[in-house]
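First comes the structure, then the notes that go with it.
The values are calculated or read from the model by the stated rules, or taken from the named source; none is laboratory data. The structure presented is a predicted model; accordingly, all values stated were derived computationally and were not measured. No Cβ is skipped: glycine too gets one built from the backbone with ideal geometry, and neighbour counts run over all protein chains shown.
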Amino acid sequence: MFEGFEQGREALRALAQEGAAPHVARLSDEAETEVTFALAGRTGVAADIAARYLRVRGVDRGCLAILGWEGTLDAVEERRAASMSVLRRHDAVGLGRSPGRAWSRSRFDGPYLRDDLLERGVVAETLETATTWSNLGGLYREVGDALRGHAPVVMCHVSHLYETGASLYFTFIARQREGAEIEQWRAAKTAACEAIVRAGGTITHHHAVGRDHAPFLEHETAAAGIAALRAAKAELDPDGIMNPGKLLP
């Protein structure tokens, strides 16, 4: 656990840039941490004891980090020791292995939960982006503020680490506007994409461009990039039969 999202991001940056990053690294912001604990049923005496422990260690609301290592036993121990050294330097508070094991068991449940929410009149959607470490905080605030204009629940986590930067993965949840669900979704999606462009992030990190992101591609690649794509398309697919409309109008 970290006291705040910024503190956690700095710890992850140090892990990546010092060659001590774990094979799995996920840092939830305060909102996603609260939802994660709520879905895990973190209540009762055990939860009270954990909360008191964290407060004693200087963590009130807090941000949950899930870290994992893989390989041979010796390799894992060596890598984990290097990671933990960096984390202690950044005042991380350990919660043991239970949160990581719980995340591993339930990490693929999200899409099923999303489908259940959609059937019950709730919009639930995700989007992702990435930028340099120096710009990560600004991008996080810009996209979060844009989404909060359309949804009361906005959550985010860092999902991939690099020496030069990291990705941000957002989730937003809102009551559906009956009869205007697609328009509601598109308004939120467009606001987020415009914020990403405005804040200097990439329009997508790993979900790819496709039809939804295509209008924003030129902001990232500039006119020369679009021209290069058109030239390659004309040479390799002159009849336009391969994924028409997925990158270029």
Confirm whether Ser167 is closer than 23 Å to Leu64 by Cα, under 15 Å from the mean Cα position of the chain (by Cα) and at pLDDT below 95. no
If Glu10 meets every condition in (1) modelled with pLDDT of 95 or more; (2) more than 18 Å from Ala82 (Cα to Cα); (3) among the acidic types (Asp, Glu) apart from one, which number is that one? (2)
Can you run down the residue pairs with Cβ atoms below 8 Å, 6 or more apart or on separate chains, where the first is in the stretch 21-35 and acidic (Asp, Glu) and the partner is in a helix (DSSP H, G or I)? Asp29/Phe5; Asp29/Tyr140; Glu30/Phe5
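From the list Ala208, Ala188, pick out the single residue that is surrounded by 14 or more Cβ atoms within 10 Å (Cβ to Cβ) and either over 15 Å from Thr126 (Cα atoms) or within 17 Å of the chain's Cα centre (by Cα) (or both).
Working: Ala208 fails: surrounded by 14 or more Cβ atoms within 10 Å (Cβ to Cβ).
From the options Ala208, Ala188, the qualifying one is Ala188.
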Can you name every residue in the stretch 160-207 that is of a type in the set (Gly, Ala, Ser) and touching a His at 6+ places or on another chain (Cβ under 8 Å)? Ala166, Ser167, Ala174, Ala187, Ala188, Ala191
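Restricting the search to the stretch 222-249, which residues are of a type in the set (D, E, K, R), in a loop (DSSP other than H, G, I, E, B) and surrounded by 10 or more Cβ atoms within 10 Å (Cβ to Cβ)? So that I can check it myself, show each step before the final result.
Narrowing the stretch 222-249 to residues of a type in the set (D, E, K, R): 230, 233, 235, 237, 239, 246.
Applying the additional criterion that residues be in a loop (DSSP other than H, G, I, E, B) yields 237, 239, 246.
If the condition is that a residue be of a type in the set (D, E, K, R), in a loop (DSSP other than H, G, I, E, B) and surrounded by 10 or more Cβ atoms within 10 Å (Cβ to Cβ), then Asp237, Lys246 are the ones that fit.
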Which pairs turn up if I take residues in the stretch 85-98 that are modelled with pLDDT of 90 or more and look for partners that are polar (S, T, N, Q) with beta carbon separation below 8 Å, at least 6 apart in sequence or on another chain? His90/Gln7; Asp91/Gln7
